[in-house]
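Visitor: Take a look at this one; I'll ask things after.
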Amino acid sequence: MIGLPLWVKYQQRAYLYYIIVPPCKRDSSFEILLEGKNCKIALDATDTWVERNDTGPALCDAELIRLIGKVVIAHFHIRKPHCN
């Protein structure tokens, strides 16, 4: 379900995105619609937010993805799965 647009400012530009699949307590990964592209965002082995793209290379800037990951998790008040 797509709700209201959210935005994040990165490198002097505002990026609008919509949360398609929100994170939950069991799985902190989520999916967004960013500039008309679906992006699956998840934590990697080093606890860094990364884009999971099954079709090839990442579509978005890695720092932008990290920033969106932090913002979305804070918005939903969800801790990373391994945190106490």
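Visitor: Step through the residues of segment 18-23 one at a time and calculate ³J(HN,Hα) from phi using the Karplus curve (6.51 cos²θ - 1.76 cosθ + 1.60, θ = phi - 60°), rounding each to whole Hz and writing x for Gly and Pro.
Guide: Ordered by residue, 3J(HN,Hα) equals 10, 8, 8, 10, x, x Hz.
Visitor: Roughly to the nearest percent, how much of the accessible area of segment 10-56 is carbon and sulfur, given a 1.4 Å probe?
Guide: The nonpolar share, carbon plus sulfur, comes to 47 percent.
Visitor: How large is the accessible surface per residue of the chain, computed with a 1.4 Å probe and reported in Å² as a whole number?
Guide: Numbers: 5750 Å² over 84 residues.
Value returned for the chain: 68 Å² of accessible area per residue.
Visitor: Suppose a student asked you for the relative contact order of the chain, using Cα pairs under 8 Å spaced at least 6 residues apart; what percent would you report?
Guide: 21 percent.
Visitor: Which far-off residues, 5 or more places away or on another chain, put their amide H under 5 Å from the one on Ile20, with H placed in the peptide plane?
Guide: Glu31, Ile32, Leu33
Visitor: Still on this structure, please answer the following. With Cβ to Cβ distances under 10 Å as the rule, what net charge do the other residues near Ala42 carry (K, R +1; D, E -1)?
Guide: With Lys, Arg at +1 and Asp, Glu at -1, the neighbours total -2.
The values are calculated or read from the model by the stated rules, or taken from the named source; none is laboratory data. All values derive from a computational prediction rather than experimental measurement. Heads up, the Cβs are rebuilt from the backbone with ideal geometry, glycines too, and the neighbour counts pull from every protein chain shown. The protein model used for the area step is the full one, side chains on, heavy atoms only, and it has no ligands, DNA or RNA in it. Shrake-Rupley method; radii C 1.70, N 1.55, O 1.52, S 1.80 Å.
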